[in-house]
Amino acid sequence: MATTFLNNSVQQNVVDAHYVPPLRDSVKTAVEKYFTHLDGQQINDLYEMVLSEVEEPLFQTLMRITGGNQSLAAKILGLSRGTLRKKLEQYDLM
């Protein structure tokens with residue numbers, strides 16, 4: 001019985017060590033933190049700001065992971081290669 005408990009505990013620790021929280025949790029935390037730091041300041045164009053803050057590191061990381069393979073990166077993103085190229089140019093990543 002003790003061995004079973006120990007094995008289950010070890011298995012759970014392995015699962016916990018590989019757990020990656022959903023991306024939305026990280027985004028929610030970052031947005032909440034951003035609003036906390038605003039301390040009531042007026043803000044405009046939040047949607048565009050958030051998109052640009054997320055897109056650039058997304059494209060940087062994906063291009064690194066794919067070894068610069070634009071076709072593969074476009075496929076992973078669900079974008080056309082042309083759209084990806086425009087975005088890479090927009091963020092000066094080409």
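Rule-based calculations on the coordinates, nothing more; no lab input. Only a predicted model underlies this, so the values are computations on that prediction, with no experimental measurement involved.
See the values below:
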{"read-out": "Full-stretch length increase - TYR91, ASP39 - with 0.36 nm per residue and alpha-carbon distance subtracted", "value": "15.8 nm"}
{"read-out": "Proximal lysines relative to LYS86, as straight alpha-carbon distance under 29 Å, when same-chain residues fewer than 8 apart are discounted", "value": "LYS28, LYS75"}
{"read-out": "HN-Hα J in Hz across the range 77-93 - Karplus 6.51, -1.76, 1.60, θ = phi - 60°, x for Gly and Pro", "value": "7, x, 10, 6, 4, x, 5, 4, 4, 4, 5, 5, 5, 4, 9, 6, 10"}
